[in-house]
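S.K.: Quick one: the structure is below, questions incoming.
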Amino acid sequence: MTRIFLLAGLLALTACQGPPMPEAPRRPDLSLELRPEKPEPEEGICWAGKDGAWFRAPCPEALTPEVLASLQRALEVRELYDEEITGEMDPATRQAVRRLQEPLGLDSEQLSLAAARYLGILPVDLDALWGARSKEPDPPTSSPPAPADPDTL
């Protein structure tokens with residue numbers, strides 16, 4: 001009997017075309033990130049570039065061997081990198097980064113923060129994406145009444 005319900009459920013999903021597929025991430029336009037002058041340093045934000053083309057980049061401490069290996073795998077999946085996964089920012093990785101970023105509007109072998117987030121190797125700052133949300137204060141908590149002292153009853 002269970003098999004009949006399972007089969008009916010599968011047929012219903014097929015008839016309904018199944019759950020909707022999520023949209024593929026849109027390719028970022030990295031040229032929108034370019035700044036004519038190097039901005040003032042801010043905590044947690046690093047800048048890379050030169051000659052009127054400054055962009056946000058992952059800070060060096062964020063580019064751990066594990067993150068760099070993830071970068072190489074992400075580039076490999078996109079057929080931009082075909083070397084050994086080393087977890088190092090070597091010349092082959094830099095050239096693959098350039099091949100990724102150039103069609104997106106940034107001709108640089110320095111990885112941009114936007115490209116790293118597009119590849120999914122660094123977290124996206126949702127507050128910056130959706131605007132900082134005002135956090136409402138937590139409601140005051142009332143403490144439970146103290147238990148009655150049995151000697152005073």
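The values are calculated or read from the model by the stated rules, or taken from the named source; none is laboratory data. Just so you know, these numbers come straight off a predicted model, no measurement behind them. Note that we place each Cβ from the backbone using ideal geometry, even for glycine, and neighbour counts take in every protein chain shown. Side chains are part of the model used for accessible areas, which takes the heavy atoms of the whole protein and leaves out ligands, DNA and RNA. Shrake-Rupley method; radii C 1.70, N 1.55, O 1.52, S 1.80 Å.
S.K.: Out of 105, 120, 49, report the one residue that is at positive phi, in contact with a strand residue (DSSP E or B) (Cβ under 9 Å, 6 or more places away or on another chain) and in contact (Cβ under 8 Å) with a residue 24 or more places away in the chain.
M.R.: When all the criteria are applied, what remains is 49.
S.K.: Let me ask something else. Please determine whether any residue of region 24-40 is part of a helix (DSSP H, G or I), in contact with a helix residue (DSSP H, G or I) (Cβ under 8 Å, 6 or more places away or on another chain) and aliphatic (A, V, I, L, M).
M.R.: The answer is yes; a qualifying residue exists.
S.K.: When region 48-95 is examined, which residues are found to be over 16 Å from the mean Cα position of the chain (by Cα) and among the small types (Gly, Ala, Ser)?
M.R.: Of everything in region 48-95, those that are over 16 Å from the mean Cα position of the chain (by Cα) and among the small types (Gly, Ala, Ser) turn out to be 48, 49, 52, 53, 87, 92.
S.K.: For residue 117, state whether it is at pLDDT 90 or above, touching a helix residue (DSSP H, G or I) at 6+ places or on another chain (Cβ under 8 Å) and among the basic types (Lys, Arg).
M.R.: Judged against the criteria, residue 117 is not a match.
S.K.: Report, by residue number, each residue of region 64-107 that is over 14 Å from residue 118 (Cα atoms), in contact with a helix residue (DSSP H, G or I) (Cβ under 8 Å, 6 or more places away or on another chain) and not in a helix (DSSP H, G or I).
M.R.: 80, 81, 82, 83, 85, 86, 87, 88, 89, 107 - these are the residues of region 64-107 that are over 14 Å from residue 118 (Cα atoms), in contact with a helix residue (DSSP H, G or I) (Cβ under 8 Å, 6 or more places away or on another chain) and not in a helix (DSSP H, G or I).
S.K.: Just for region 42-63: of the residues that are assigned to a strand (DSSP E or B) and charged (D, E, K, R), which one is least open to solvent (accessible area, probe 1.4 Å)?
M.R.: Residue satisfying both the conditions and the ranking: 56.
S.K.: The conditions are (1) over 27 Å from residue 31 (Cα atoms); (2) at pLDDT 95 or above, and residue 151 fails exactly one of them. Which is it?
M.R.: With respect to (1) over 27 Å from residue 31 (Cα atoms); (2) at pLDDT 95 or above, residue 151 is out only on (2).
S.K.: For region 84-97, which residues satisfy the criterion of being open to solvent by 70 Å² or more (accessible area, probe 1.4 Å) and without any contact (Cβ under 8 Å) to a residue 12 or more places away in the chain?
M.R.: 84, 91
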